[in-house]
Amino acid sequence: MPSVFIKTYGCQMNERDSEAVAAQLVAKGYSLAPTEAAADVVLLNTCSVRDLAEQKAINKMRNLVGTARKDRPGQILGYLGCMAQSRGKELIETLPDVDLVLGTQKFHRAAEYLDELLAGKREHIVDIGVEAKSEATIREHLLNGSAKTSVSAFVSIMQGCNQYCTFCIVPYTRGEERSRTIPDLLTECRELVARGVREITLLGQIVTSYGKRDIPSLEGKSAFVQLLDAIHGIDGLDRIRFTSPHPKGYGDDLVEAYARLPKLCESAHIPLQSGSDRLLKLMHRGYTRARFLDIVEKLRRSKPGIGITTDIIVGFPGETEEDFEQTLALCREVQFDNAYIFKYSPRRDTPAAAMPDQVPQSIREERNHRLLDLVNEIAARKYDGFIGRRVQILVEGPSKKNAARYTGRTRCNRIVLFDGSARHQGQLMDVIIERTGSFTLYGDPAVVGL
Ligand code: 5AD
């Protein structure tokens, strides 16, 4: 049977999609190749959110055509996911060695198309159509794929986005919001727990919009909070996380859920994008800086010690020094545990790409550096605050960099390394933090009673 190698770019949704494709192929008898060169099929699961991500995948594919495939003339090469969706057959027109282009609603068809290509029945396949119910096809898991996934799993609860932020390509690559049902998700989560999973991260482009159109509010609880409640009831599951929410989705029902549901970990990744109300409006974000600050305050009141991270874009069209300083000021005020900073990248067909006053690249770079310095300084101080503290971690498995060390995460989603062994894997345990590294804590297993 053929072997496959899948390389993933971009977000956790993409990682999850790749895992589901791999599980589908393994179920059909494929093996997972250790390297691209050893694979009969190489698939690049792509990201379109910034130009750099697209260029990386295109360069990789050019490389594959020039190297791996030279030694293996029968090797099948394919693009999956967001860039496949947004560029379609253009990808084959510019690089005819590419055999397959599979969009974001067609992952479940990978095996059938690869069969046809491997059998030489068709030369090229491009399928980027819309498919009803495709959101419910991302459900197979490969729990033995890596040590991490056997303890912690991602579950894709919805697809698509209706927010249409003016900078963002995602509504065009992922389509309209479509949610899976609560019973379907409960079945998937129960199966995962029965297979040893202890922590589930619910995934979606905007998870807080889950079920908005199909599931009415119940006793003041949104569909998303109803889903959290349902999953919380699964015996044997220890931890629940989700990503990414939208600030507009932080109603009181969700804030209260943190206090009410002990399995819901106190960590939140809440994309801010900008600290300037003028820019938030131009971005079509649907909240103000005051509302964002209010959410953070309520969350911290509900769960002191909650880990809060964010995404910020610098150099959005029309961003003045004053706008940017408001972002800096908001970061000083909130004291994020970490922030992912992105230089604005114009995306085709998005309104912001055609807005006046595009910010020169040199200023985008300069603001990126200034914000990064501030965010890192705050993050380092927060990490140092953990030294000497006792925290609970869920142990995921051996560290990739150093197999003698084991890795786990705190409830607030910080990575902890400690000298562990296979018996720790999948355990909830307490450690005392001894020192910090770059975005890592080093812990010593706490001895009860000391
Ligand atoms: N340019 C730069 N960053 C972007 N993001 C989304 N679109 C763009 C763009 N056009 C960032 C946002 C989002 C994160 C996943 O990527 O901050 O939250």
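The values are calculated or read from the model by the stated rules, or taken from the named source; none is laboratory data. It should be emphasised that the depicted structure is a prediction, and the values quoted were computed from it without experimental measurement. Glycine gets a Cβ as well: all are built from the backbone with ideal geometry, and neighbour counts include every protein chain shown. SASA here: full protein model, heavy atoms, side chains in, ligands and nucleic acids out. Shrake-Rupley method; radii C 1.70, N 1.55, O 1.52, S 1.80 Å.
Per residue and in cubic angstrom, what volume does the convex hull of the Cα atoms of the chain have?
152
Considering only protein heavy atoms, what is the solvent-accessible area of Phe418 at a probe of 1.4 Å, reported in Å² to the nearest 10?
Here the residue's solvent-accessible area equals roughly 0 Å².
Across segment 24-30, in residue order, what do the Karplus-derived ³J(HN,Hα) couplings come to in whole Hz, using 6.51 cos²θ - 1.76 cosθ + 1.60 with θ = phi - 60° and x for Gly and Pro?
4, 6, 4, 4, 8, x, 5
Can you send over the carbon and sulfur percentage of the accessible area for segment 317-359, probe radius 1.4 Å, protein chains only?
Its accessible area is 50 percent carbon and sulfur atoms.
So what is the calculated 222 nm ellipticity per residue for the chain, using -39500 (n - 2.57) for each DSSP H run with n of 4 or more, over all residues, to the nearest 500 deg cm²/dmol?
Taking each H run of at least 4 residues, the total per residue is -10500 deg cm²/dmol.
Give Lys281/Lys382; Lys343/Lys401; Lys56/Lys89; Lys281/Lys343 a once-over and call out the pairs whose C-alpha atoms are over 20 Å from each other.
Beyond 20 Å: Lys281/Lys382; Lys343/Lys401.
First select every other residue whose beta carbon is under 11 angstrom from the beta carbon of Ser86; then total the charges, Lys and Arg +1, Asp and Glu -1.
With Lys, Arg at +1 and Asp, Glu at -1, the neighbours total +1.
Among DSSP beta bridges whose residues both lie in the chain, state the antiparallel percentage, nearest 5. Walk me through the numbers on the way to the answer.
Working: 24 of 66 bridges.
Percentage antiparallel, nearest 5: 35.
All other residues with a Cβ under 13 Å from the Cβ of Arg411 taken together, and with Lys, Arg as +1 and Asp, Glu as -1, what is their net charge?
Summing Lys/Arg as +1 and Asp/Glu as -1 gives +4.
Please build a GNM for the chain, connecting alpha carbons under 10 Å apart, and tell me which residue among Ala223, Ala403, Ala68 fluctuates the most.
Highest fluctuation of the listed residues: Ala403.
Within the chain, what's the longest run with no trypsin sites (Lys or Arg not before Pro) in a DSSP loop and at most 15 other beta-carbon atoms within 10 Å? Give the range, please.
214-347
Give a quick list of GluC sites (Glu not before Pro) in segment 1-48 that DSSP marks as loop, anything other than H, G, I, E or B, with at most 10 other Cβ atoms within 10 Å.
Numbers: sites: Glu15, Glu19, Glu36; in loops: Glu36.
Passing sites in segment 1-48 do not exist.
What's the local net charge at Gly315, with K and R +1, D and E -1, over the other residues with C-beta under 11 Å away?
Taking every Cβ under 11 Å from that of Gly315, the sum is -2.
Considering only Gln12, Ile76, Leu282, whose Cα is most displaced toward the positive end of the charge dipole of the chain, charges sitting on Cβ of Lys, Arg (+1) and Asp, Glu (-1)?
My answer, from the dipole projection, is Gln12.
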